[in-house]
Amino acid sequence: MIQKKFLTAALIAASLSLESLPVNAGVLGGINMTKACQQQTLVYNVDAVLVGNPQNAYSWRCRVYFMSFGKLWPWWDYSVDMTAACRKQYNNPRAFAETTNWQSPYSWRCRVN
């Protein structure tokens, strides 16, 4: 009986402590997508682009360009590693990426636990 009361009290205390955490606890900030693409490709002619219609949080691609006749031409697209971007941009190996709204391409942010 004492163990059951102790367990109940511990669960209540844990739930109260979780409720008191602010929604933005552990939020580091947003992701610079162009910088993420530059860091992940190590080439100069790269940019972050949104593809598809409608666009959502998973529409980001890194687009690599090549120069021909003084003009940049799209060469290939590849996915952005959002968690790698968070770890690199915030210099924190525990950082991870999350989206607060999958329907918005601008809803990515970085967090730590």
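Read-outs throughout are calculated quantities, based only on the coordinates presented, and are distinct from any laboratory measurement. Computed from a predicted structure; not experimentally measured.
Some points to look at:
- Applying the Karplus relation 6.51 cos²θ - 1.76 cosθ + 1.60 with θ = phi - 60° to the range 87-96 yields 3J(HN,Hα) values of 4, 6, 5, 9, 6, 9, x, 8, 5, 9 Hz, where x marks Gly and Pro.
- When the Cα gyration tensor is reduced to axis lengths a ≥ b ≥ c, the ratio a/c is 1.5 or higher for the range 37-113, and with a/b not above b/c it is classed as oblate.
- Stretch gain in nm, segment residue 101-residue 45, where the contour uses 0.36 nm per residue and the Cα spacing is subtracted: 17.2 nm
- If the chain linking residue 94 and residue 56 were pulled fully straight, counting 0.36 nm for each residue of separation and taking away their Cα-Cα distance, it would gain 11.1 nm.
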